[in-house]
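Peer 1: Here it is: the structure, laid out below.
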Amino acid sequence: MSIKVFIPTPLRPYTDKKDTVEVNGNTISEVLQDLTSKYGDVRQHLYGENGDLRSYVNIYINDEDIRYLEKEKTPVKESDTVSIVPSIAGGVDVTTIEDEVQLSNEEVLRYSRHLIIPEVGLSGQKKLKAAKVLMIGAGGLGSPLGLYLAAAGVGKIGIVDFDVVDLTNLQRQVMHSTPDIGRPKLDSARETLNGINPNVEVETYEERLSSANALGLFGDYDVIVDGTDNFPTRYLVNDACVLLGKPNVYGSILRFDGQVSVFDAKRGPCYRCLYPAPPPPGLVPSCAEGGVLGVLPGIIGSLQALEVIKLILGEGEPLIGRLVLFDALKFKFRELKLRKNPECPICGDNPTIHELIDYEQFCGIAPHVTQPAEVVDGETEITVEQLKTRLDRGDDVFLLDVREPHEYEIVNIGAYLIPLSTLPKRIDELDPSKEIVVHCKSGGRSGRAADFLRRNGFKSVKNLVGGIDEWVEKIDPSLPRY
Amino acid sequence: MEANISLMEIVESKKQEMLSVIKIPKDAISQIEKHGERAYPEECCGIMLGRSDGNNQMVEEVVELDNEQGENRGRRFFVTPKQYLQMERIAVERKLDLLGFYHSHPDHPAVPSEFDRDHALPWFTYIVVSVSQGKARDISAWLLSDTRDRFDRKEFLVEEEVNSRQ
């Protein structure tokens, strides 16, 4: 059957300058075969090296693209016109990661269990090697995160932290070991990560993340992972990520509960869409105050590592627009859908935040945490040394402990126990005429208790600065610290 | 003396034969540059219409197209088959040839990329304008080699428009 084929301008030099040629065939495939046998030079422009039609070569029967018919098997009739229509594409070279990154034989073997997964493969592993991930915090969440990112072969891992390894960290912060106590967490983290995988470049930043340095620090990285334990930093990480257009892999933990999400304002909601305003200071306890099961950051931090790796690979469905809540006691994962808030002050339709702000102030926290001993107010506060002197002198001081009974069980200094939450109900147990010294673990809860008592007519109430922690450290080191 | 001149003439005419040349009016170039600057940081694209004579082409008109690339327009341009057919039709209506395509390289040199070559067609002239920080910097013209393995630079002859167009 003779079929008319329309030849586009650039191919006409190969068809004796004809814009239409007549060839034979009953299907597109036969028509093209006859065309390329008559005009051999056309072939290389229609077909790629693998023998398939080039991606930008479109074949139409009359007005229909054969992709939506039966492709090359589409039958043709005498009256049909077949058109060869190029779509024109081009653009700057995106030097692909495949070209730039190479894996050594050692790396191929090291990552072999990745390489044989089709979704990762060589190109995925090269993406991991080319990736730069910044971890905020080298603590509970940062530990499994760092370990798995290093093991997975993420090329560059940046860590921001300014803390020193403490004995209380080791129950969950598995990146650090007992001999590391007293060392900067960054030093211990770098050693551990390079011990796992010497191919990883570990860059450390021993500074407190702030509005002044966040944008500069984040700029070099592809993905930011939030492993912090406080609200000002969480809002700071979020805002800096939104302003820079970078994904923020979020995780948080308390006791038996954890949360994970991926905030990427370009593709979904941000942290502010979920929590427009921070909770009042003191309402949500930190892990130091409320405690955390050691395995929990292991689970949540690993989930963050998983999401980081998926983002780098571009595989699967990232946790964007979804918040996962994990209840370890019940062993329940719940997933909440998150929507982008059009009113969001930073990623909404009419953003009002265009630069980083003062996050301590935003979260209602005094900007500077000064050494308690230096600002002791004689009226409302007392130091452990002063208390010790007065007790030794035999002064009539009533000691009140507002911690929880299970904390009292760990260590106590013989004070009368009324947990803060029950204080309003049990206030009658106290004598308002007496001088009372209130303590808790480190001074936070007892400060609130002292305020409460003063408002209720107690004349002489003092808060023990630094709490029982300070007492154990400075007065009686024989007692356990927790 | 005479022999020398004729030798020079022969060399010149040989050179003309070998070189493929595109003549383009100055205002057409500035239209391409301005299009690139307007589209920055995205890539712009469009076509050149004119007359051809062997390897030599004379641009008469530049038509701007919308970049139909769905995503990543900062690094890619795309002309749909529909747009393409329409351009072929316009060329026929105006009794002109579709000479080729131009596009911009935002913050990249005016040199065709591997991607360009892989997606290029023979015969068409490809004009690339580099736009750096929103300013058009450099412009060049290219032709795909017959073996498809490289782009050859095409001589650019800028014409002080008006006269040549009238």
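Values quoted throughout were computed directly from the atomic coordinates according to the rules given, and no laboratory measurement underlies them. Quick caveat, the model's predicted, so the values are computed rather than measured. Cβ sites come from the backbone with ideal geometry, for glycine too, and all protein chains shown count toward neighbours.
Peer 1: Taking the Cβ of A:His45 as the centre, find all other residues whose Cβ is under 9 Å away and add up their charges (Lys, Arg: +1; Asp, Glu: -1).
Peer 2: Net charge in that neighbourhood comes out at +2.
Peer 1: Ignore the peptide's own chain and count Cβ atoms of other chains within 10 Å of each Cβ in A:52-62; give me the average, rounded.
Peer 2: 2
Peer 1: Then there's this: Any chance you could list the semi-axes, whole Å, largest first, of the equivalent ellipsoid that the Cα gyration tensor gives for the range B:12-150, using √(5λ)?
Peer 2: So the three semi-axes of the range B:12-150 are 23, 18, 15 Å.
Peer 1: When the Debye formula is applied to the Cα atoms of the range A:208-248, each taken as the same point scatterer, what base-10 log of I(q)/I(0) results at q = 0.17 Å⁻¹?
Peer 2: So the normalised log intensities are -0.36.
Peer 1: Here's something else I'd like to know. About the Cα centre of chain A, what is the dipole size in debye to 20, counting +1 per Lys and Arg Cβ and -1 per Asp and Glu Cβ, all else neutral?
Peer 2: It comes to approximately 840 debye.
Peer 1: Report, in whole Å, the centroid distance computed from the Cα atoms of the range A:1-44 and the range A:422-447.
Peer 2: Each part's Cα centre sits 95 Å from the other's.
Peer 1: Still on this structure, I have one more. Return the Rg/Rh ratio of the range A:164-231 with Cα-based radii and a Kirkwood Rh.
Peer 2: Radius of gyration over Kirkwood radius for the range A:164-231 works out to 0.98.
Peer 1: So for the protein assembly as shown, Kirkwood radius off the Cα pairs, Stokes-Einstein at 25 °C and 0.890 mPa s: how many µm² s⁻¹?
Peer 2: For these conditions, the coefficient is 80 µm²/s.
Peer 1: Which whole-number percent is the relative contact order of the range A:399-482 (Cα, under 8 Å, 6+ apart)?
Peer 2: 30 percent
Peer 1: Using +1 at the Cβ of each Lys and Arg and -1 at the Cβ of each Asp and Glu in the range A:310-448, identify which of A:Phe362, A:Pro405, A:Leu323 lies farthest towards the dipole's positive end.
Peer 2: A:Leu323
Peer 1: Here's something else I'd like to know. Based on the mean of other beta carbon atoms within 10 Å per residue, what is the order of A:247-257, A:22-32, most packed first?
Peer 2: Result, highest mean first: A:247-257, A:22-32.
Peer 1: Per DSSP helix of 4 or more residues, -39500 (n - 2.57); summed, then divided by the residues of chain A. What does that give at 222 nm, rounded to the nearest 500?
Peer 2: -8500 deg cm²/dmol
Peer 1: So for chain A, averaging the separation of alpha carbon pairs under 8 Å that are six or more residues apart and normalising by length, what relative contact order in percent results?
Peer 2: With pairs under 8 Å counted, the relative contact order is 9 percent.
Peer 1: Further, regarding this structure: Could you tell me, in Å, what Rg and Dmax come out for the Cα atoms of the range A:118-198?
Peer 2: 13.4, 44
Peer 1: Determine the principal axes of the Cα atoms in the range A:370-467, then give the extent along each, sorted from largest to smallest and rounded to whole angstroms.
Peer 2: Extents along the principal axes, in whole Å: 33, 31, 30.
Peer 1: Next question, about the same structure. Relative to 2.2 N^0.38 Å, what does the C-alpha radius of gyration of the range A:1-133 come to as a ratio? Two decimals please. Intermediate values should be presented prior to the final figure.
Peer 2: On the way: Rg = 21.2 Å, N = 133, 2.2 N^0.38 = 14.1 Å.
For the range A:1-133, the normalised Cα radius of gyration comes out at 1.50.
Peer 1: At 25 °C and 0.890 mPa s, what whole-number value in µm²/s does Stokes-Einstein give for the translational diffusion of the range A:63-173, with Rh from the Kirkwood sum over Cα pairs?
Peer 2: In µm²/s, the coefficient rounds to 129.
Peer 1: Could you work out, residue by residue across A:8-17, how many beta carbons of other chains sit within 10 Å of that residue's beta carbon, and then give the average as an integer?
Peer 2: Per residue, the number of nearby Cβ atoms from other chains is 4 on average.
Peer 1: Sum up the charges of everything whose Cβ sits under 13 Å from the Cβ of A:Pro342, counting Lys and Arg as +1 and Asp and Glu as -1, but leave A:Pro342 out.
Peer 2: +1
Peer 1: If we count every other residue with Cβ under 13 angstrom of A:Lys434's Cβ, Lys/Arg +1 and Asp/Glu -1, where does the sum land?
Peer 2: Result for the local shell: -3.
Peer 1: Within 10 Å of each Cβ of A:81-88, how many other protein chain Cβ atoms are there on average?
Peer 2: Details: counts 0, 0, 3, 1, 7, 8, 9, 20.
Partner Cβ neighbours, averaged per residue: 6.
Peer 1: I would also like to ask the following. Put +1 on the Cβ of each Lys and Arg and -1 on the Cβ of each Asp and Glu in the protein assembly as shown; which of A:Val23, A:Val92, A:Ile300 then has its Cα farthest toward the positive end of the dipole?
Peer 2: Positive-end residue among those listed: A:Ile300.
Peer 1: Over the range A:114-156, consider all pairs of different Cα atoms and compute the Kirkwood hydrodynamic radius from their mean reciprocal separation; express it in Å, one decimal.
Peer 2: With all distinct Cα pairs of the range A:114-156 included, I get 11.0 Å.
Peer 1: Here is a further query. Please report the base-10 log of the normalised intensity I(q)/I(0) for the range A:30-78, using a Debye sum with one equal scatterer per alpha carbon and no solvent, at each q in 0.17 (1/Å).
Peer 2: The Cα Debye sum returns log10 ratios of -0.53.
Peer 1: Structure shown: which of A:Lys71/A:Lys127; A:Lys425/A:Lys462; A:Lys4/B:Lys95; A:Lys156/B:Lys135 lie over 26 Å apart, alpha-carbon to alpha-carbon?
Peer 2: Table pairs above 26 Å Cα-Cα are A:Lys71/A:Lys127; A:Lys156/B:Lys135.
Peer 1: Any chance you could get the radius of gyration and Dmax over the Cα atoms of the range A:153-294, in Å?
Peer 2: Rg, Dmax (Cα atoms, Å): 15.8, 44.
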